1. Which residue is nearest to the chain's Cα centre (by Cα), if the candidates are limited to region 4-45 and must be outside any loop (DSSP other than H, G, I, E, B), within 25 Å of PHE74 (Cβ to Cβ) and without any contact (Cβ under 8 Å) to a residue 12 or more places away in the chain?
2. Please work out which residue is surrounded by the fewest Cβ atoms within 10 Å (Cβ to Cβ), limiting yourself to region 52-69 and to residues that are assigned to a helix (DSSP H, G or I) and not polar (S, T, N, Q).
3. Name the residue that is surrounded by the most Cβ atoms within 10 Å (Cβ to Cβ), counting only residues in region 1-51 that are at pLDDT 95 or above and among the charged types (D, E, K, R).
Amino acid sequence: MTDTIARSFTRDKNGAAVQLGPGKYGLSRFFASRETYHLCKTCNTWTATMLRAAGCPITPATTVEGLMSQARSFGDVIQQEASSR
C-alpha cells in the first residue's frame with residue numbers, strides 16, 4: 001500500500017513530493033498528484049484503491065459512509081467523527 005501511495009505523488013527533480021500548500025485540517029498539506037480527481041474518482045474511491053493494495057477486499061465507494069462501513073471490518077476505528085467529539 002505504501003508503494004502505491006508513493007507512486008501517486010508528483011515528484012520534483014530531487015524525488016521529493018511536490019507540496020501545494022496547507023490542507024484544511026491542522027498540519028495537513030496538499031500535494032501534487034500523478035492521478036486525476038473527478039466525479040467518478042474522488043478521495044473515497046482513491047482510499048478504497050489504496051486499501052485494496054494493502055489486501056483489503058474493498059469495493060469502490062463514492063461516499064465516506066460506504067467506504068468506512070467496509071473498512072471497519074479490517075481494523076479498529078482510531079479517530080472519532082467530528083460530530084461525536
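1. Step by step, filter region 4-45, then rank; the result is CYS43.
2. Step one: of region 52-69, the residues assigned to a helix (DSSP H, G or I) are 52-53, 64-69.
Right, trim to not polar (S, T, N, Q) and you get 52-53, 64-68.
Numbers: ARG52: 15, ALA53: 14, VAL64: 14, GLU65: 10, GLY66: 16, LEU67: 22, MET68: 14.
Out of the qualifying residues, it is GLU65.
3. It comes out as ARG11.
The values are calculated or read from the model by the stated rules, or taken from the named source; none is laboratory data. Here the structure is a predicted model, which means the values were calculated and not measured. Glycine gets a Cβ as well: all are built from the backbone with ideal geometry, and neighbour counts include every protein chain shown.
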